Amino acid sequence: MTLLKPTIRRELRITFSLHAQPVWFRVVKWTCVVAGVILFHHRSWFWWTLAGLALAGTLLHFFYRRKTNGWTRAWGGWNDVAAGRD
């Protein structure tokens, strides 16, 4: 449990960091999320799609985490690794 606690703390710091994603990316991401909910919330497959997107986002998070060596090395266009430092 002692090894898991710092890992969870680091993951939360990355998730809520203002430096982990550019502002333009956050605006586009949340615009797409809100537009998708407004347009498709009444569809029968909405919850399955939402679950699939959540799974895809989680897998992408862990893929990026692996490629950056636990948020300690730049990879994929973002050079800021300060959010992952202790």
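We did not get these values from a lab; they are worked out from the coordinates using the rules stated. On a predicted model such as this, the values are computed, not experimentally measured, just so you know.
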inquiry  = Per residue of the range 32-47, what does 6.51 cos²θ - 1.76 cosθ + 1.60 with θ = phi - 60° give for ³J(HN,Hα)? Whole Hz please, x for Gly and Pro, Karplus curve as stated.
reply    = 5, 5, 5, 5, x, 5, 5, 6, 10, 5, 8, 7, 5, 9, 4, 5
note = Phi-derived 3J(HN,Hα) across the range 67-74 with the Karplus relation (6.51, -1.76, 1.60, θ = phi - 60°), rounded Hz, x for Gly and Pro, is 5, 9, 6, x, 6, 10, 9, 5
